[in-house]
Amino acid sequence: MPPGGNPSRTQQISLLSGLIHQERTSRTFKKWLTKLISFSTERIKVKGLSRGEKINVREWCHDFLRQDKLPNPFVKQFSQVTAEAAQIWSLAKKQNSFKLFAPFLEKIVSLCRQKAEFFGFSDHPYDALLSYFEPCMTTKKMTAIFEGLQKEIKPLLKKIKAEHPVSASFLHRNVPEAKQMELAHLLLSYLPMEKAYSRLDLSSHPFSIAMHPHDSRITTRIVPKDFLGNLFSVLHEAGHSLYEMGLPIESWGTPLAESISLSVHESQSRWWETRIGRSYGFWKFFYPKLQKELPGLLKGVSLKKFYAAAHKVKPSFIRVDADEVTYNLHVLVRFELEKDLIGGALAVHDLPEAWNAKMKEVLGIVPPTDREGCLQDIHWSLGDFGYFPTYTLGNLLAAQFFLRFAKDHPDWEERVCKGDFDFIRIWLRDKVHRAGRTYNLDEIVKKVTGKPLSEAPFCAYLKKKYSALYL
Ligand code: CO
């Protein structure tokens, strides 16, 4: 779309959001739904429904009650303001001008507070926004998770900083776009993705979108001096895509063939990006192929040296470029700031200063510009307050699921070394994908791992892996 198309696009989005909301909350729909289920007790009122049909009715009821809390004009206004704000944000980021974005952010924060009021909450207004993206999560639980993470990560980071810096300059030489796309396709060709049902393209920010389990599309981003970033993006987005492809196609169009939540979705992308894509076994398989493709760059660089460079840990300003150890600290910064913005403890015009202070406190560095600070992410301009914590939850879940996977497949790394990935896809499909929305986050974790969600497996993974690499 040319930039001049923005205003009319904004109107289209607002109109469509309003129409979709109208259908989802229509009186006719409500009438039929109340014949099937009691809204207050979730008791199914009709006899003879299958287990799957009962689950669908329950989930339709959840969706209806949530959507019905928002008045239709509010939904239209929200999408109008955020569609406009996203355009302004992009300009403000380019010009490094927080002033330009601030009035829009003021409006969005105020709309998000209203949204929280509509949804209702008992403890903190942020609870209402957080549970929109992850129904099983509360501000209190999330705060405890971040405390647990900080307790483990901060000392680990301190130890790593005291070590000799890893040399990684060979990872930051120029690889042209066409070559990088070739590498992306090569990598994808080894992953267990059905070619007929998926495709890869280029975009300025990587994403994954599925129209159907048989129509899954992913994109990657090319930075000439960061070919590895491109490969990890492909692994990440392929993970999202494999989740959508693993949903039970026979139930398509119902909650039984929908993903559980954003956190569980992110657990699948982080799984392929970090649990598999950052394993030594994976690089034992893929590095020789990469070396052959980039002889000028990687000739004479041993697998061990490459692997260490790919795991360089250093606090940085940009979340999407952060290493595994510091990544969740970036999320923590956003979690605390958005909690304060929504709760009223922080005013929008004080955000840049508060951002820098939080970065200093949590990561020990201060970004030189707002472009590398509070203007870096698109999320707030889209009104997605409460979204960021799902990134961290995805990391924790991936680590917790993986413990169980490694028990079921103790030889997983030997198989990965040989380029065998399909057994991983099958395990994930059986344990997570095929259930659709049968279980919520808390239930699926319990079902797969036998334990409640915890940050401990993730912390144990970081400690073990990075102690071996660094300490
Ligand atoms: Co993702």
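The values are calculated or read from the model by the stated rules, or taken from the named source; none is laboratory data. Keep in mind that this is a model prediction, so the values were computed, not measured. No Cβ is skipped: glycine too gets one built from the backbone with ideal geometry, and neighbour counts run over all protein chains shown. Side chains are part of the model used for accessible areas, which takes the heavy atoms of the whole protein and leaves out ligands, DNA and RNA. Shrake-Rupley method; radii C 1.70, N 1.55, O 1.52, S 1.80 Å.
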query = Carbon and sulfur: what percent of the chain's accessible surface (1.4 Å probe)?
reply = 55 percent
request  = Sort 3-12, 322-331 for me by packing, meaning the mean count of neighbouring Cβ atoms within 10 Å per residue, highest on top.
outcome  = 322-331, 3-12
Å² of accessible area per residue within segment 408-471, as computed with a 1.4 Å probe and no ligands counted = 50 Å²
remark   = Cα pairs beyond 15 Å in segment 137-195, in percent, come to 74 percent
inquiry  = Give the lysines whose C-alpha is closer than 17 Å to that of Lys431, dropping any in the same chain fewer than 8 places away, or say none.
reply    = Lys407, Lys446, Lys447, Lys451
task = Take every Cα-Cα pair in segment 1-143 and report what % of them are more than 25 Å apart.
result = 45 percent
query = Placing +1 at every Lys and Arg Cβ and -1 at every Asp and Glu Cβ, with all other atoms neutral, what dipole size does the chain have around its Cα centre, in debye to the nearest 20?
reply = 680 debye
Backbone HN-Hα couplings from phi across segment 389-397 [Karplus 6.51/-1.76/1.60, Hz, Gly and Pro as x] = x, 5, 5, 5, 4, x, 4, 5, 4
ask   = Roughly how compact is segment 8-65, stated as its Cα Rg over 2.2 N^0.38 Å to two decimals?
value = 1.42
task = Provide, for segment 295-353, the number of lysine pairs with alpha carbons under 28 Å apart, each pair being eight or more places apart or on different chains.
result = 6
inquiry  = Output wanted: per-residue J couplings in Hz (rounded whole) for segment 289-298, from phi through Karplus 6.51 cos²θ - 1.76 cosθ + 1.60, θ = phi - 60°, x for Gly and Pro.
reply    = 5, 5, 4, 5, 6, 10, x, x, 8, 10
request  = Scan around Leu346 for amide H atoms under 5 Å from its own, H built in the peptide plane at 1.01 Å from N, and keep only partners 5 or more places away or cross-chain.
outcome  = Leu341
ask   = Tell me, what HN-Hα J-couplings in whole Hz come from the Karplus equation 6.51 cos²θ - 1.76 cosθ + 1.60 at θ = phi - 60° for each residue of segment 453-463, using x for Gly and Pro?
value = 4, 8, 7, 4, x, 5, 4, 5, 4, 4, 4
query = Given +1 on the Cβ of Lys and Arg, -1 on the Cβ of Asp and Glu, and no further charges, what dipole in debye does segment 1-66 carry about its Cα centre, rounded to the nearest 20?
reply = 380 debye
request  = Go through Trp60, Pro2, Ser259 and say which Cα lies farthest out towards the positive end of the charge dipole of the chain; charges sit on Cβ, +1 for Lys and Arg, -1 for Asp and Glu.
outcome  = Ser259
request  = Post the alpha-carbon centroid distance, segment 111-163 to segment 316-346, in whole angstrom.
outcome  = 10 Å
remark   = Given 376-385, 115-124, 426-435, the highest-first ranking by average Cβ count within 10 Å works out to 376-385, 426-435, 115-124
Distance between segment 191-256 and segment 422-462 - C-alpha centres, whole angstrom = 20 Å
key: Scattering curve values for segment 215-372, log₁₀ I(q)/I(0), Debye with Cα scatterers, q = 0.09 Å⁻¹   = -0.43
ask   = If eta is 0.890 mPa s and T is 25 °C, what Stokes-Einstein diffusion coefficient results for segment 425-466, Kirkwood Rh from Cα pairs, in µm²/s?
value = 211 µm²/s
inquiry  = Taking amide H atoms as placed 1.01 Å from N in the peptide plane, list the residues 5 or more away in sequence, or in a different chain, whose amide H sits under 5 Å from that of Ser198.
reply    = Ser216
query = What does the convex hull of the Cα atoms come to per residue for segment 309-428, in Å³?
reply = 142 Å³
inquiry  = Modelling each spin label as a point 7 Å along the Cα-to-Cβ direction, I'd like the Arg51/Ile20 distance in nm, to one decimal.
reply    = 3.2 nm
key: Relative counts (whole %) of C-alpha pair distances in the chain, using bins that are 20 Å wide   = 22, 58, 20, 1
remark   = In vacuo Debye sum over C-alpha of segment 71-160, base-10 log of normalised intensity I(q)/I(0) at q = 0.16, 0.17 Å⁻¹, listed in q order, is -0.85, -0.89
